[in-house]
Amino acid sequence: MRRRTEQAQAEEFNRLHPVGSEVRYRLAGMRGHKVSTMRSPAFCMGNGVAVAWVEGHSRGIPVGKILPME
């Protein structure tokens, strides 16, 4: 069930934030948000977590940590 929920989350994220969109993200240990550009559509990893890549970061970021620009 979780995988289906995560897949739906990835699909909704992609609809709202296509590749090339400007976004902001914040990960544990960071001070404040970083601004970046989406470089991949979101997808579910093998463990079922929905992630996407942004410019300037070398790993997938969980889509729940990526926010639209205000």
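Where a number appears in this text, it was derived from the coordinates with a stated rule and is not lab data. Worth saying up front: this structure is predicted, and the values here are computed from it rather than measured. Here the Cβ is made from the backbone with ideal geometry for all residues, glycine too, and neighbour counts use every protein chain on show.
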> Cα-based Rg of region 7-64 per 2.2 N^0.38 Å, rounded to two decimals?
Replying inline: 1.06
> How much net charge surrounds Arg26 when only the other residues with a Cβ under 13 Å from the Cβ of Arg26 are counted, with Lys and Arg +1 and Asp and Glu -1?
Replying inline: +4
>> Tell me which trypsin sites (Lys or Arg not before Pro) from region 1-40 have a DSSP coil assignment and no more than 16 other beta carbons within 10 Å of their own.
In response: Arg26, Arg31, Arg39
> What are the GluC sites (Glu not before Pro) within region 1-60 that DSSP puts in a loop, where the Cβ has at most 15 other Cβ atoms within 10 Å?
Replying inline: Glu55
> Using 0.36 nm per residue, how much length does the chain from Met30 to Lys65 gain when fully extended, once their Cα-Cα distance is taken away?
Replying inline: 11.4 nm
>> Please report the equivalent ellipsoid semi-axes of region 1-40, computed as sqrt(5 x eigenvalue) of the Cα gyration tensor, largest first, in whole Å.
In response: 22, 16, 6
